[in-house]
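Encoded as structure tokens, the structure appears first; notes follow it.
The values are calculated or read from the model by the stated rules, or taken from the named source; none is laboratory data. Not measured: the values here are computed from a predicted model. Positions of Cβ are generated from backbone atoms using ideal geometry, with glycine treated the same way; all protein chains shown enter the neighbour counts. Surface areas here come from the heavy atoms of the whole protein model, side chains and all, with no ligands, DNA or RNA. Shrake-Rupley method; radii C 1.70, N 1.55, O 1.52, S 1.80 Å.
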Amino acid sequence: MEPPPPYDLPRFTAAAVQASPVYLDPGATVDKAVALIAEAAGNGAALVVFPEVFVPGYPYWNWTMNPVQGSPWFERLQRASVDVPGPYVDTLRAAARQYGVTLVIGVNERAPHSLGVLYNTLLTIGPDGQLLGVHRKLVPTWAEKLTWTGGDGSSLRVHRTPVGPLGALACGENTNTLARFALLAQGELVHASCYIALPVAPADYDMADAIAVRTAAHSFEGKVFSVVACSTVSPEIVDLMAGDDAELRALFGRPRSALSGIFGPDGRPVTPPLVDDEGIVYAEIDLGRCIQPKQMHDITGHYNRFDVFRLEVDNRPRPPVTFTAPFSTPRTTPLPEEDA
């Protein structure tokens with residue numbers, strides 16, 4: 001008897017973009033993203049991952065100002081944020097379709113129901129331009145709570161794409177064991193980790209190491225490939241956030257604040273990561289490499305005890321209001337008594 005044909009799993013080039021936005025300018029930042037997508041696709045990338053809230057940038061003022069001082073900056077960010085759906089998303093969808101790439105990119109999403117609500121959102125877009133996923137960061141980290149509202153479980157999904165089953169989490173979510181397990185248990189084999197450079201972290205916190213440890217942990221535990229993309233801090237950001245304050249300027253220049261790269265199912269980088277500098281990291285991903293490690297430790301299969309442990313995810317959307325019946329159509333003709 002002939003052996004069965006081999007089970008084909010995707011092999012492709014992934015690109016992790018490490019770059020700064022055009023700070024608080026969504027149009028210019030989307031234009032920069034499109035140019036970087038074109039560059040990555042020109043180098044053979046089928047998957048392109050951008051940093052957290054790349055459009056139009058990260059609210060660093062939450063870490064360097066008190067809430068009253070930072071409030072005008074919140075308003076500025078709100079006015080510069082992205083509607084989903086909306087024209088900036090349409091531009092990114094068109095770029096993914098034009099260049100034939102699967103795209104993950106972070107945006108500040110403006111809520112349609114409230115001027116006080118912004119979401120830290122990851123968009124997943126297919127190579128046909130279809131918007132596959134809109135994931136809102138579940139829990140803003142520390143000072144971020146001054147800017148972002150948390151999302152709900154409805155977006156904690158793995159998407160079937162030409163590059164394989166793809167999931168994505170933003171920054172500190174990659175420390176959330178249950179969020180990561182929820183993706184792995186849906187069959188995730190490619191994980192997008194989207195970060196921001198954090199030179200304003202406590203003095204004993206090495207952001208580059210933190211990113212590498214988290215990425216290696218998820219890759220090793222789940223036996224998956226992780227593509228991690230982190231933003232950088234441009235001179236423009238330093239000028240706006242630090243001004244003439246020498247201490248703040250030195251803080252924003254702190255080294256080892258960003259790391260981007262691609263990690264394999266053994267937890268090791270496939271190619272050396274990029275630290276601090278702008279650029280694109282490329283690596284070849286062969287999802288067939290995920291099979292043998294899972295024979296040893298498959299935490300969503302044989303290497304678990306589902307009679308002992310159970311994870312239940314409430315994936316119902318949480319709108320601010322729910323109506324029990326549809327609104328009736330307003331009358332356009334007068335009632336009989338109105339004719340009298």
task: Please identify the pairs in which a residue from segment 316-330 that is within 19 Å of Leu156 (Cα to Cα) and modelled with pLDDT under 95 has its Cβ atom under 7 Å from the Cβ atom of a residue that is hydroxyl-bearing (Ser, Thr, Tyr) and assigned to a loop (DSSP other than H, G, I, E, B), counting only partners at least 6 apart or on another chain.
output: none
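Please count how many residues of segment 292-310 are in a loop (DSSP other than H, G, I, E, B) and either surrounded by 10 or more Cβ atoms within 10 Å (Cβ to Cβ) or of a type outside the set (Lys, Arg) (or both).
Here is the first cut: in segment 292-310, the ones in a loop (DSSP other than H, G, I, E, B) are 297-310.
Restricting the remaining residues to those that are either surrounded by 10 or more Cβ atoms within 10 Å (Cβ to Cβ) or of a type outside the set (Lys, Arg) (or both) gives 297-304, 306-309.
Qualifying residue count, segment 292-310: 12.
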statement: Given the conditions (1) under 25 Å from the mean Cα position of the chain (by Cα); (2) closer than 26 Å to Leu166 by Cα; (3) not aliphatic (A, V, I, L, M), every one holds for Arg256 apart from (2)
- request: Could you list all residues from segment 204-213 that are open to solvent by 10 Å² or more (accessible area, probe 1.4 Å) and touching a Lys or Arg at 6+ places or on another chain (Cβ under 9 Å)?
  value: Asp206, Asp209
- prompt: Regarding Leu183, is this residue within 21 Å of Pro51 (Cα to Cα), open to solvent by less than 60 Å² (accessible area, probe 1.4 Å) and in a loop (DSSP other than H, G, I, E, B)?
  reply: no
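Just to be sure, is Glu188 in a helix (DSSP H, G or I) and acidic (Asp, Glu)? Spell out how you get there, then give the answer.
Working: in a helix (DSSP H, G or I): no; acidic (Asp, Glu): yes.
Here the answer is no, as Glu188 does not meet what is asked.
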- prompt: Only one residue in Glu109, Glu188, Glu173 is more than 16 Å from Ser226 (Cα to Cα) and open to solvent by less than 30 Å² (accessible area, probe 1.4 Å). Which one?
  reply: Glu109
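Quick one: is Phe220 assigned to a loop (DSSP other than H, G, I, E, B) and either open to solvent by 70 Å² or more (accessible area, probe 1.4 Å) or in contact with a strand residue (DSSP E or B) (Cβ under 9 Å, 6 or more places away or on another chain) (or both)? Write out each step before concluding.
Working: assigned to a loop (DSSP other than H, G, I, E, B): no; either open to solvent by 70 Å² or more (accessible area, probe 1.4 Å) or in contact with a strand residue (DSSP E or B) (Cβ under 9 Å, 6 or more places away or on another chain) (or both): yes.
No.
One line per residue, one yes/no per condition, for (1) modelled with pLDDT of 95 or more; (2) in contact with a Phe, Trp or Tyr (Cβ under 6 Å, 6 or more places away or on another chain); (3) part of a loop (DSSP other than H, G, I, E, B); (4) farther than 21 Å from Val227 by Cα:
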position: Gln98; (1), (2), (3), (4): yes, no, no, yes
position: Leu123; (1), (2), (3), (4): yes, no, no, no
position: Pro127; (1), (2), (3), (4): yes, no, yes, no
position: His135; (1), (2), (3), (4): yes, no, no, no
position: Ala143; (1), (2), (3), (4): yes, yes, no, yes
message: Under 7 Å between Cβ atoms, which residue pairs at least 6 apart in sequence (or on different chains) link something in segment 241-255 that is under 15 Å from Leu198 (Cβ atoms) with a partner that is of a type in the set (Ser, Thr, Tyr)?
response: Met241/Tyr60; Met241/Thr64; Leu248/Thr64
Cβ-Cβ under 8 Å pairs, at least 6 apart or on other chains, segment 85-105 side more than 18 Å from Gly44 (Cα to Cα), far side of a type in the set (D, E, K, R) and surrounded by fewer than 21 Cβ atoms within 10 Å (Cβ to Cβ): Val89/Asp83
- prompt: Failed condition for Ser257, given (1) touching a Ser or Thr at 6+ places or on another chain (Cβ under 9 Å); (2) open to solvent by 10 Å² or more (accessible area, probe 1.4 Å); (3) not acidic (Asp, Glu), with all others met?
  reply: (2)
task: Would you mind telling me which numbered condition in (1) part of a strand (DSSP E or B); (2) under 29 Å from Thr149 (Cα atoms); (3) open to solvent by 100 Å² or more (accessible area, probe 1.4 Å); (4) of a type outside the set (Ser, Thr, Tyr) Glu284 fails?
output: (2)
message: On the basis of being modelled with pLDDT of 95 or more and not in a loop (DSSP other than H, G, I, E, B), does Ser154 make the cut?
response: yes
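Quickly run through segment 142-163 and pick out the residues that are of a type in the set (D, E, K, R) and within 29 Å of Gly70 (Cβ to Cβ).
Glu144, Lys145, Asp152
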- request: Return only the number of the condition from (1) under 21 Å from Pro59 (Cβ atoms); (2) among the basic types (Lys, Arg); (3) touching a helix residue (DSSP H, G or I) at 6+ places or on another chain (Cβ under 7 Å) that Arg254 does not satisfy.
  value: (3)
statement: When every residue in segment 202-236 that is without any contact (Cβ under 8 Å) to a residue 40 or more places away in the chain and small (Gly, Ala, Ser) is compared, the one nearest to Ala15 (Cα to Cα) is Ser226
